[in-house]
1. Could you go through region 160-175 and let me know if any residue there is free of Cβ contacts under 8 Å to residues at least 60 places away in the same chain, farther than 26 Å from Ala25 by Cβ and touching a strand residue (DSSP E or B) at 6+ places or on another chain (Cβ under 6 Å).
2. Residue check, Lys28 against (1) in contact (Cβ under 8 Å) with a residue 40 or more places away in the chain; (2) open to solvent by less than 70 Å² (accessible area, probe 1.4 Å), all met but one. Which one?
3. Output the residues belonging to region 234-246 that are at pLDDT below 90 and open to solvent by less than 100 Å² (accessible area, probe 1.4 Å).
4. Mind counting the residues in region 205-229 that are of a type in the set (D, E, K, R) and more than 14 Å from Glu195 (Cα to Cα)?
5. What strands (runs of 3 or more DSSP E) lie completely within region 133-205 and have 1 or more residues being open to solvent by 80 Å² or more (accessible area, probe 1.4 Å)?
6. Sort out which residues of region 214-233 are part of a loop (DSSP other than H, G, I, E, B) and open to solvent by 100 Å² or more (accessible area, probe 1.4 Å), and write them in order of number.
Amino acid sequence: LTRYDIAEGTARWTGEDATGIRISADGKKAAGIYRNESYVSIYDAESGQLLQQVDLDGRSQSVVANDVFANPNDNLFALNNDGSLLAVSMSDGSLEIFDLNGSGRNMVLLDDTSGYTHFEGGFYQQYFAFSASNAEESVFAVIDTQTMEQPGGFQSASRFSVQTDETGIYVQTENLLVQIDPVSGEQRPLVTTNEAIRSYARSSENTLIATKEGFSFYSSEAEEIAVFEKEDETDFTAIAGQTAVI
């Protein structure tokens with residue numbers, strides 16, 4: 001794990017080996033985990049000082065035989081805004097939020113009997129939103145990390161995909177993509193299409209989706225504004241402002 005100064009072309013600091021990296025939204029903490037190691041390293045993102053190591057009690061995240069060749073993105077690994085909470089999914093099906101301030105408010109959301117193998121999600125304000133899936137079903141839930149309560153959730157035979165950032169909580173299933181209010185549960189449609197959504201990315205102005213047949217752009221009012229066909233599968237989608245990468 002290395003922090004680079006792009007302008008100067010130099011490395012600012014280097015930590016331990018890492019295959020998973022997360023930075024808190026305020027930019028002050030960095031978390032790194034290496035393959036099937038049973039601990040997470042937390043760093044000061046500016047200086048590189050190792051602040052603490054979080055013990056996963058002998059558990060680890062899911063690792064495929066050749067994670068250089070293919071990454072199924074089955075793991076959930078997330079820091080909240082100020083780096084005080086860390087969420088980690090485990091290969092045994094468990095999902096836990098660790099309190100990095102040492103006050104002992106760890107939250108076990110799923111245990112090793114869950115049977116789930118794929119996890120997505122992250123933090124938005126005081127809320128943690130996640131999905132957990134296997135071949136038969138998928139669940140979505142929102143957790144209020146201050147009250148330890150679950151204000152909302154769904155269950156379906158179709159997989160839920162969940163993304164969070166400082167703007168909100170976003171959930172996709174089949175051909176629908178919505179933004180969900182964590183308190184009221186109100187759903188604001190972002191995309192409704194006839195094809196299944198394979199991947200998606202959002203900016204303040206547009207939403208980009210990829211399907212089997214092509215990719216499309218939608219306005220903030222959920223109106224389709226551009227459609228493109230393609231012959232190859234889409235490996236990833238990214239968008240920022242008026243620039244998209246596919």
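The values are calculated or read from the model by the stated rules, or taken from the named source; none is laboratory data. From a predicted model like this one, the values you see are computed outputs, not experimental measurements. No Cβ is skipped: glycine too gets one built from the backbone with ideal geometry, and neighbour counts run over all protein chains shown. Side chains are part of the model used for accessible areas, which takes the heavy atoms of the whole protein and leaves out ligands, DNA and RNA. Shrake-Rupley method; radii C 1.70, N 1.55, O 1.52, S 1.80 Å.
1. No, every residue in region 160-175 fails to be free of Cβ contacts under 8 Å to residues at least 60 places away in the same chain, farther than 26 Å from Ala25 by Cβ and touching a strand residue (DSSP E or B) at 6+ places or on another chain (Cβ under 6 Å).
2. Looking at each condition in turn, Lys28 falls short on (2).
3. Thr234, Gly241 - these are the residues of region 234-246 that are at pLDDT below 90 and open to solvent by less than 100 Å² (accessible area, probe 1.4 Å).
4. Keep residues of region 205-229 that are of a type in the set (D, E, K, R), which gives 205, 212-213, 221, 223-224, 229.
Those left that are additionally more than 14 Å from Glu195 (Cα to Cα): 205, 221, 223.
Final tally of qualifying residues: 3.
5. Details: elements: 138-144, 149-156, 161-165, 168-173, 176-180, 187-192, 199-202.
In region 133-205, the matching strands (runs of 3 or more DSSP E) lie at 149-156, 187-192.
6. Those that are part of a loop (DSSP other than H, G, I, E, B) and open to solvent by 100 Å² or more (accessible area, probe 1.4 Å): Glu221, Glu223, Glu231, Asp232, Glu233.
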